[in-house]
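So the structure is just underneath, and the comments pick up after that.
The values are calculated or read from the model by the stated rules, or taken from the named source; none is laboratory data. From a predicted model like this one, the values you see are computed outputs, not experimental measurements. No Cβ is skipped: glycine too gets one built from the backbone with ideal geometry, and neighbour counts run over all protein chains shown. To get the accessible areas, we keep the full protein, side chains included, count just its heavy atoms, and leave off ligands, DNA and RNA. Shrake-Rupley method; radii C 1.70, N 1.55, O 1.52, S 1.80 Å.
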Amino acid sequence: MDYATAWFYFSAFLLGMYLAFDGFDLGIGALLALIKNQKDRDILINTIGPVWDGNEVWFITWGAGLFAMWPALYATLFSTFYLAIWLLAFLLIFRAVGFEFRNKNKELWDKLFALVSALIPLVVGVVVGNLVMGIPIDANGFHGSLLTLFRPYPLIVGLFILFATIWHGANWGVYKTTGKLQEELRGYAFKFWLLTVVLLLLTVIGMKIWAPLRFERLMTPLGLGLTLVILVAGLLDGHLIKKGEERLAFYISWLAFPLVVFLVYYSMYPYWVISTTDPNFKLSIHDLAASPLTLKAVLGVSVILAVIIMAYTLYVYKMFGGKVTEAEGYY
Amino acid sequence: MDPILLSRIQFALTAGYHWIFVPASIGMAFMVFLLWTMAAITNEKQWHKAAKFFSKWLGIFFVLGVPTGIVMEFEFGANWSQYSVFVGSIFGPPLMLEGLFAFALESTFLGVLLFGMDRLPRAITWISSFFVFIGSSLSGLWILIANSWQQTPTGYIIQNGRAELTDFMGAVFNPLLVSQYTHTINSAILTGAYIVAAVGAYYLLKKRHVQVARSAVAIGVVVLAISAVIQLYPTGHAEGQVIAKYQPTKLAADEGLFKTEKGAPMIIFGIVDEKNQEVKAAIGIPKLLSWLSFGDWNAEVMGLHDAARYVWYEQVLNNPNFASEKDRKEFIETLMKAHGVDPNAPDANEQMVKVLEEALPVAFMFYAYRVMIGLGTLFILIGLIGVLLLLLGKLYDARWFLKVLVVTVPLPWLASEAGWFTHEVGRMPWMVWGMVTTNTGVSPNVSATHVLITLIGFVVVYSVLFYIWLHFVRKLIREGPEPVEGDVTAKPTPAVSVAGGGQ
């Protein structure tokens, strides 16, 4: 495997970790809109209080990884989708602040917080959807507008990621709470699991229609096998939620994200960007890659560090393990 | 409207705002670690309460530091895409390693510290505070590796229309790194110490939480005195010498030196007249600048014009890091064209010297630099008086001094911002010294309207954030630390929670 390929899949790993870790706290955030009882909402916030900050690290690292290893891709994406990118930045700011400062006016902040928490996975999904589908670009640059980003297919992918995070968040909630709140969350876990499965199917079918090149890659033995694994695991989860196997249900939704991201990356390999207007215009991960020494110098240490982070993160989760029943904060 | 200017304003605004919270969080992380250590050593209640109280302060600095930092990462790609393409493969890795090495450690264990200090064993709290401090200072290290590389780049070659890495460690340990890092981290520690001392002083003046407040003031002034001295020597001095050697235009502008001089004086104060290229009514110490910069009382210090010439001819045209003559030629032509200079004009090089010379707002830098130095001197004075009063056993009753501490608490921020301004404005027009200017780094496909929209967005959002943030600082001060048993001055206030869903 060459270094650009190794980085490509390491980047998949980082995005997968972001969605697996931050996914459930984004999901919890979005669920605040559906949970009526104030004390229950406080409990939910407390289930993610100690860990959400650390979860965001994966996003920053993923972004910095794109910047470092494919500077031309990073620059093109960010300057082309200028306003959408800043929308995402403002959402991230509000989320961080809303988290800590929601006690100023809980009713209002919780609504804002839920909205922002839902929009983040939606926008991330839309960006990924655009990478999968391709964009109207050629040697002369990008031919589209902000609305180009929000075409039907990217929106489907965006909704898929959104529902998946809420399903994941509800699974986490069921795992961390007891009593009536737990029952309520179990209901949401099931509903959003159903929506996720439907959207997953739509995402795959949509790929055949809107991104035939990517779909072809998907139909190779590895792509097909992985798709089936994800579908079966996903289907199993609904059953586990119903049966009350909350721990296993959460582990499955956790694992689903890295698998899905890997599959998406696999379907795109080796092209970061394909043009929707000029079939001959494609930018591969090798075309856009940083200088060889950069790829080489940072890979080993990054992989080792990612493992170390995983280790202490799991330790911290263990430290704060168990059910959360009290609504208490640190201030 | 000019998209370059708007993007510059936006970058200055967002970086300057981020810079309010960075030194405060790094410094507070150090102080919190120190306080938890004191709590562990002495096993006394007031240290423990102080440690808990200031951990919450760390929390509210960190909360704004993180998202405003993410903004910076976005900005490189969004507003400065050509810059990102040119240096991304060198500038990007430190940012990535910052996330993996440092930010992960810091944010994970800050969660443990804040949520665990009531329910987890003390040893875990102490080690968490250590990890938070290590994480935040490593975070600063990687960011400053990236920043100092832009000021004094090494370990690269220019080919394929971009800078490519040739020596990772060479790029990391660029000439400016060590002095800039120690100077910056030390300034952060100074800021943290100042806040702790000032908050303690406030409670002493109000006669509330007296035991905790005494601990805070005592440790605050000691750390303040030490860090204030270190800020001047060796760190500040060392950074100045590197700048004199590698960034002569920055030195000339900082010092208001328009004409090359042998045995140049250090001007304490004067009025800069940019039009006539002189500093009026200057009060200075003869030959000091030459000595400080080069360790020789009679050394020649380049004035702005000569410095600009030196940068253009020696550092740009004769830069040894071009892969081939073709790369050199292409690079120079692109640079000239971006600044409206015809590469074939007979005086093209002199026109570029002029561009470099005129990019620097000398008066602005001259005054900002003096604000930094002046405040640095004041901090040494305040710190030493504090330590003297402590040794004489009069610190807690010297109300005038406590008042001084409270009133002057914004000054460390002012000094940091002034230092940052001289440092960053001083490299104009270079984004990366000798390689990328603001004209060649800006995103070509982003319109002025779009930048204006986001710029207005930032002004609004950041103003709201600042208001909310101040609100919580006030609330934290009002609530104070938890009462120490037997301390009658610590009137228990109802525990109104600030965040996190307390009841």
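Data overview
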{"quantity": "Pairwise centroid distance, computed over Cα atoms, of region A:223-297 with region A:72-133, Å", "calculated": "21 Å"}
{"quantity": "Kirkwood estimate for region B:252-358, i.e. one over the average of 1/r between Cα atoms, Å", "calculated": "15.5 Å"}
{"quantity": "Kirkwood hydrodynamic radius of region A:3-319, from inverse mean 1/r over distinct Cα pairs, in Å", "calculated": "20.1 Å"}
{"quantity": "Per residue value of the accessible surface for region A:178-261 (all protein chains in place, 1.4 Å probe), Å²", "calculated": "53 Å²"}
{"quantity": "Size of the A/B contact, given as accessible area buried on both chains, probe 1.4 Å, in Å²", "calculated": "6500 Å²"}
{"quantity": "Translational diffusion of region B:300-383, µm² s⁻¹ [Kirkwood Rh, Cα pairs; Stokes-Einstein; 20 °C; 1.002 mPa s]", "calculated": "140 µm²/s"}
{"quantity": "Burial order of peptide ranges A:23-32, A:298-307, B:207-216, A:188-197 (average beta-carbon count within 10 Å, highest first)", "calculated": "A:23-32, B:207-216, A:188-197, A:298-307"}
{"quantity": "The protein assembly as shown: proportion of alpha-carbon pairs further apart than 34 angstrom, %", "calculated": "54 percent"}
{"quantity": "Cα→Cβ-extended label distance, 7 Å offset, between A:Lys208 and B:Val459, nm", "calculated": "5.3 nm"}
{"quantity": "Within region B:108-131, backbone nitrogen closer than 15 Å to the virtual label 7 Å beyond the Cα of B:Thr37 toward Cβ", "calculated": "B:126-131"}
{"quantity": "Estimated vicinal HN-Hα couplings, Hz - region A:162-175 in sequence order (Karplus 6.51, -1.76, 1.60; Gly, Pro = x)", "calculated": "4, 5, 4, 5, 5, 4, 4, x, 5, 4, 4, x, 4, 5"}
{"quantity": "Label-point gap, in nm, between B:Glu485 and B:Trp400 - each point 7 angstrom along Cα→Cβ", "calculated": "4.1 nm"}
{"quantity": "In nm, spacing of pseudo-spin labels at B:Asn319 and B:His237 (7 Å Cα→C-beta vector)", "calculated": "3.3 nm"}
{"quantity": "Interchain or long-range residues, amide H under 5 Å from B:Gly284's placed H", "calculated": "B:Ile268"}
{"quantity": "Amide hydrogen neighbours beyond the local backbone of B:Val272, cut-off 5 Å, H modeled", "calculated": "B:Lys280"}
{"quantity": "³J(HN,Hα) computed for each position of region B:70-77 - Karplus, 6.51 cos²θ - 1.76 cosθ + 1.60, integer Hz, glycine/proline x", "calculated": "4, 4, 5, 4, 5, 4, 4, x"}
{"quantity": "Per residue solvent-accessible surface (Å²) - chain B, probe of 1.4 Å", "calculated": "39 Å²"}
{"quantity": "Helix-derived mean residue ellipticity, 222 nm - over the protein assembly as shown, DSSP H n ≥ 4, -39500 (n - 2.57), to 500", "calculated": "-24500 deg cm²/dmol"}
{"quantity": "Sparsely packed trypsin sites (Lys or Arg not before Pro) within region B:220-301, loop by DSSP, other Cβ within 10 Å at most 13", "calculated": "B:Lys275"}
{"quantity": "Orientation-averaged projected area, Cα convex hull of chain B (nm²)", "calculated": "25.4 nm²"}
{"quantity": "Pairs from B:Lys287/B:Lys354; A:Lys323/B:Lys56; B:Lys245/B:Lys337; A:Lys176/B:Lys52; B:Lys250/B:Lys403; B:Lys280/B:Lys354 whose Cα-Cα separation, in the structure shown, is over 30 Å", "calculated": "B:Lys250/B:Lys403"}
{"quantity": "Using alpha carbons only: equivalent-ellipsoid semi-axes of region A:255-331, gyration tensor based, whole Å", "calculated": "39, 20, 12"}
{"quantity": "Per-pair calculated FRET efficiency, R0 = 45 Å: A:Lys111 and B:Ile271 via Cβ, rounded to 0.05", "calculated": "0.25"}
{"quantity": "FRET efficiency for B:Leu378 and B:Phe466, using Cβ-Cβ distance with R0 set to 25 Å, rounded to 0.05", "calculated": "0.50"}
{"quantity": "Dimensions in Å of region B:99-198 - Rg and Dmax from alpha carbons", "calculated": "17.6, 57"}
{"quantity": "Cβ-Cβ FRET estimate between A:Asp138 and A:Asp287, R0 fixed at 22 Å, reported to 0.05", "calculated": "0.95"}
{"quantity": "Between region A:156-170 and region B:1-32, the Cα center-to-center distance that results, in Å", "calculated": "34 Å"}
{"quantity": "Projected-area mean, region B:107-164, by convex hull of Cα positions, square nanometres", "calculated": "5.4 nm²"}
{"quantity": "Portion, in percent, of the accessible area of chain A that falls on carbon or sulfur, probe 1.4 Å", "calculated": "71 percent"}
{"quantity": "Extension gain from B:Leu452 to B:Met1, taking 0.36 nm per residue of separation minus the Cα-Cα distance", "calculated": "161.4 nm"}
